[in-house]
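The values are calculated or read from the model by the stated rules, or taken from the named source; none is laboratory data. Just so you know, these numbers come straight off a predicted model, no measurement behind them. Positions of Cβ are backbone-derived with ideal geometry, glycine not excepted, and every protein chain shown enters the neighbour counts. For accessibility, only protein heavy atoms count, side chains too; no ligands or nucleic acids. Shrake-Rupley method; radii C 1.70, N 1.55, O 1.52, S 1.80 Å.
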Amino acid sequence: MTATAAEQNHLSPSSHPQRWLILGVICLAQLTVLLDNTVLNVAIPSLTRELDASTADVQWMINAYSLVQSGLLLTAGSSADRYGRKKMLIAGLALFGIGSLVAGLAQSSAQLIAARAGMGIGGALLMTTTLAVVVQIFDETERVKAIGIWSTVSSLGFAVGPLIGGVMLDHFWWGAIFLINIPVAVIGLVAVARLVPESKNPSGERPDLLGALLSTIGMAAVVYAIISGPGHGWTSGQVLLTAFVGVAVLTGFVLWELHIPYPMLDMHFFRNQKFIGAVAGAILVAFGMGGSLFLLTQQLQFVLGYGPLEAGLRTAPLALSVVALNLTGLGARLVPKLGTPVTIATGMGLLAAGLAAIALLGGDGYGGTLFGLLVMGAGIALAMPAMANAIMSAIPPEKAGVGAGVNGTLAEFGNGLGVAVLGAVLNSRFAALVPSAVGAASLPAALAAASGDGERQRITDAFSSGLETSMLVGAVAVLAGGLLAAVLLRRAERGESARADSAAAAA
């Protein structure tokens, strides 16, 4: 007999006999959304040829999805808390499937960018509800392990995207990488409808539509300024004006959130050092991973000469190392022993070391890249579950959807920012080394316009040098973020311990 919604809201997490099967269902939905963050990376040469896409076009194809999604995640999480997480899962799967169909049939760069933005709406609904459901159906004794599995799927989605994209492009045209989402969305719809219990907080806060609009516009403007900076000049009027608009709108977003009674993001969370530490770490892990994969797939194809499938296979060790370590429960076992701060610092230190290894050792062949990917995977497996658990534990349980929205926003914004910033560093370095190629819309265009073998080699070497610089910038940012996160989390733990001791003494 099926429980009513009211009864399901009061089920204790451990009382649900199908919680692990439900976890599998929502992880399938999560995987589909996250695959689309990276599956497009391996199709960059195909899109450049068949849609006549420039480098800026390709960056917007990637960022349109992540920016729309990140701007709507907080509102989607709040809506899930208020109206029902199961309803939002079903709506998200339906919208994501429709958006995938439109993207797969797109005939121009503009159409594909618009379709990707539409897919971001469905992705926002899915990402917030998956983690919120995990928090609702698992008790504290099993939650860290469940979040570890959820994080494994998240990492798998980022890393396996190029592999799946490579397989599809080896046999079909580029649109197939989107059409394959449709059967997965249909399977997810059936499974969610049959298995996932409804849960909601009837007294939840109202959706903050203006806040969602402000955050989306603000982030899009800032990232646009970063993308267009190398081409137009960092001091050009267009770049400065766009950056100013982005910062101004984001400032307005913060002021609006402080003013209204039902904010999309409660700014008082930022008084919690545990929350701030986990936030800093989450953004920079996504920054390093998203940006590095965007650059690495181009390096493997444009410079080392691998085809789409070969390039995808050569990024797979990152995913395999994450899956292997997380499925053994290594991260879940280390958090109680080492503590959250040390676990996160160690993980992000390994991620930074992997990025540096790819930068310094990966230019002459695949061996150095393989070593760097394995080290990156070990770092991600340690850091991501610990950070997700820290964020969710810093937010009240009745706001699980909002908490999931915060976590997802950070990952999506970090990923989009990583693509934009590291791509901008690469373009700036490339332009400085080969001024004659600055007018070219992409690396293949620059190579095609080269006057001879010597010029082509110089262009390829300049691209490799730019990639090395970008990877090192990413490594420094990730390492700094890991140290900052560890310090803030340690201070928060000491503060909680001191308050607990004072309460015990007073009693």
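Calculate the length of the line joining the C-alpha centroid of the range 99-160 to that of the range 275-305, in whole Å. First find each Cα centre; the distance between them is then 17 Å. Taking the Cβ-Cβ separation of residue 241 and residue 320 as r and a Förster radius of 45 Å, what is the calculated FRET efficiency to the nearest 0.05? E between residue 241 and residue 320, to the nearest 0.05, is 0.50. Model label sites at residue 187 and residue 262, defined 7 Å from Cα along the beta-carbon direction, differ in position by 3.8 nm.
Calculated mean residue ellipticity at 222 nm for the chain: -28000 deg cm²/dmol, from DSSP H runs with n ≥ 4 weighted as -39500 (n - 2.57), summed, divided by the residue count and rounded to 500. Taking label positions 7 Å along the Cα-Cβ direction at both residue 49 and residue 107, the computed distance is 2.2 nm, reported to one decimal. Average accessible surface for the range 53-121: 29 Å² per residue, computed with a 1.4 Å probe over protein heavy atoms with every protein chain in place. The phi torsions of the range 104-115, fed into the Karplus equation with coefficients 6.51, -1.76 and 1.60 and a -60° offset, translate into couplings of x, 9, 4, 10, 8, 4, 5, 5, 5, 4, 5, 5 Hz, rounded to whole numbers, with Gly and Pro shown as x.
Shown for the chain: the carbon plus sulfur share of the solvent-accessible area, taken with all protein chains present and a 1.4 angstrom probe, equals 67%.
In the chain, excluding the sites themselves, the longest stretch lacking any of the chymotrypsin sites (Phe, Trp or Tyr not before Pro) that are in a DSSP loop with at most 13 other Cβ atoms within 10 Å is 174-507. The spacing between the range 309-383 and the range 31-88, judged by their C-alpha centroids, is 24 Å. Each Lys or Arg adds one and each Asp or Glu subtracts one; over the other residues with Cβ under 12 Å from the Cβ of residue 485, this totals +3. Taking the chain as the region of interest, the number of lysine pairs whose Cα atoms are within less than 29 Å, with members eight or more places apart or on different chains, is 15.
Taking one equal scatterer on every alpha-carbon of the range 48-182, how large is log10 of I(q)/I(0) by Debye at q = 0.22 1/Å? Normalising to I(0) and taking log10 leaves -1.37. Computed from Cα atoms alone, the Kirkwood hydrodynamic radius reported for the range 237-300 is 14.7 Å.
Grab the Cα-Cα distance for residue 232 and residue 494, subtract it from 0.36 nm times how many residues apart they are, and report the gain in nm with one decimal. Before the final figure, lay out the partial values.
On the way: separation 262, 0.36 × 262 = 94.32 nm, distance 4.83 nm.
Between residue 232 and residue 494, full extension yields an extra 89.5 nm.
Under the criterion of Cα pairs below 8 Å and six or more residues apart, the relative contact order for the chain equals 23 percent. Relative to the longest principal axis of the Cα atoms of the chain, helix 340-361 runs at roughly 10 degrees.
Coupling constants for the range 286-298 follow from the phi torsions by the Karplus curve (6.51 cos²θ - 1.76 cosθ + 1.60, θ = phi - 60°), and in residue order they are 5, 4, x, 6, x, x, 5, 5, 4, 7, 5, 5, 6 Hz; glycine and proline get x.
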